[in-house]
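Computed from the coordinates by the stated procedures, all read-outs in this text should not be read as laboratory data. None of the values given here were measured: they were computed from a predicted structure. Note that each Cβ is placed from the backbone with ideal geometry, even for glycine, and that neighbours are counted across all protein chains shown.
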Amino acid sequence: MGVAIVTGSQRGLGKAIALALAKEGYDIAAVDLEGNAALEEVVSQCKAMKVKAVGLSCDIGDLTTHQQMLAAAEAALGPLTTLVNNAGVSVKSRGDLLEVTPEAYDHCLNVNTRGTFFLTQAFARGIRNTVATSHRSIITITSSNTTAVSISRAEYCISKAGASMISKLFAARLSDEDIGVYEIQPGVIDTDMVRPSRVKYEALIELGLTTIKRLGTPEEVARIVVTLANGLLPYTSGQAIQADGGLSTVRF
């Protein structure tokens with residue numbers, strides 16, 4: 001099918017996405033902040049599906065690591081076709097919007113926005129002149145917080161809103177190059193990041209937070225990624241898929 005880079009693939013959404021793409025026949029570069037046993041387990045599970053896979057370390061917030069990671073992925077797996085921008089960070093601590101520090105702000109913006117922009121740029125530069133043998137795509141995982149306000153996580157909301165605009169900008173720039181650029185905005189997904197607040201979210205869901213009354217699963221988001229990577233939403237450019245169980249649906 002192609003060669004996919006999935007950032008933040010050690011666990012959660014990234015792991016589910018890597019495994020779903022491998023099941024579809026994609027060779028996988030599983031990328032995370034550092035190589036460890038958990039990342040190697042993802043690689044092993046991908047290889048068990050009879051595809052090539054490699055684990056690579058890359059700090060998305062460190063722009064000097066991007067080109068080396070992309071080159072290593074291509075050397076191991078062949079010409080790249082797909083980038084899934086999944087790696088990201090949450091706030092260091094929830095708190096009053098009036099107390100957000102420059103350090104806390106930069107923590108989110110450096111990875112979620114700046115790092116995502118420049119990795120996408122480097123990937124696009126590398127594939128725009130390659131001969132396409134399959135659909136080429138860039139898929140960015142943002143958040144319902146691109147539009148939904150959470151005043152205790154202001155810096156996260158701002159960083160994800162920026163990442164959403166990044167997707168739209170690259171979609172407009174790369175449409176003539178036959179590279180599909182998409183965004184997925186997950187809502188409350190059952191991952192390690194959400195589990196500390198799971199009881200609270202389940203109570204809110206019962207009260208109507210979402211129209212589908214349950215948490216989403218990483219595997220459901222991964223199915224959407226596979227659909228986009230395969231080019232199965234033709235005549236689209238930069239659209240955001242709201243994988244949020246109706247969280248963002250306006251109701252009254």
Self-check item: Helix 218-229 vs. the chain, principal-axis angle (Cα, 0 to 90°, nearest 10)
Solution: 50 degrees
Quiz prompt | Top positive-direction residue, dipole computed over region 36-185 with Cβ charges, set ILE158, ALA48, PRO102 | solution = ALA48
Self-check item: Backbone HN-Hα couplings from phi across region 27-40 [Karplus 6.51/-1.76/1.60, Hz, Gly and Pro as x]
Solution: 6, 10, 9, 8, 10, 8, 4, 8, x, 7, 4, 5, 5, 5
Quiz prompt | Cα extents of region 63-172 along the three principal axes, largest first (Å) | solution = 50, 26, 17
Exercise. Would you pull out the residues with amide H under 5 Å of GLN242's amide H, same chain only if 5 or more places away, H placed 1.01 Å from N?
Key: GLN185
Self-check item: Rough spin-label spacing in nm, given labels placed 7 Å along Cα→Cβ, for ALA132 and ARG195
Solution: 4.0 nm
Quiz prompt | Relative contact order, percent, region 128-252 [alpha-carbon distance under 8 Å, six or more residues apart] | solution = 33 percent
Self-check item: Sum of -39500 (n - 2.57) over DSSP H runs of 4+, divided by residues of the chain (222 nm, nearest 500)
Solution: -12000 deg cm²/dmol
Quiz item: Between ARG214 and MET165, what FRET efficiency comes out of the Förster formula 1/(1 + (r/R0)^6) with R0 = 30 Å and r the beta carbon distance, rounded to 0.05?
Solution: 0.50
Exercise. Mind putting a number on the dipole of region 1-102 about its Cα centre? Charges go on the C-beta only, +1 for Lys and Arg and -1 for Asp and Glu, and I need it in Debye to the nearest 20.
Key: 380 debye
Quiz prompt | Inter-probe distance in nm under a simple model that places probes 7 Å from Cα toward Cβ, at ARG94 and ALA71 | solution = 4.4 nm
Quiz item: Pairing the Cα long axis of helix 66-77 with the longest principal axis of the chain, what angle in degrees results, from 0 to 90 and rounded to the nearest 10?
Solution: 50 degrees
Practice problem: Amide H neighbours of VAL181 under 5 Å, at least 5 residues apart or on other chains, H built in the peptide plane: list them. | Solution: ILE138, GLY238
Quiz item: Applying the Karplus parametrisation 6.51 cos²θ - 1.76 cosθ + 1.60 with θ = phi - 60° to the phi angles of region 116-124, what ³J(HN,Hα) value in whole Hz is obtained for each residue in order, glycine and proline being reported as x?
Solution: 4, 4, 6, 5, 4, 4, 5, 5, 4
Quiz item: Past the 28 Å Cα-Cα mark, which pairs from LYS50/LYS92; LYS92/LYS200; LYS52/LYS213; LYS50/LYS168; LYS168/LYS200?
Solution: LYS50/LYS92; LYS52/LYS213; LYS50/LYS168; LYS168/LYS200
Quiz prompt | Calculated P(r) of region 21-106 - Cα pairs past 20 Å, % | solution = 44 percent
Quiz item: Using the 10 angstrom Cβ neighbour count as an exposure proxy, how do PHE117, PHE170 rank, fewest first?
Solution: PHE117, PHE170
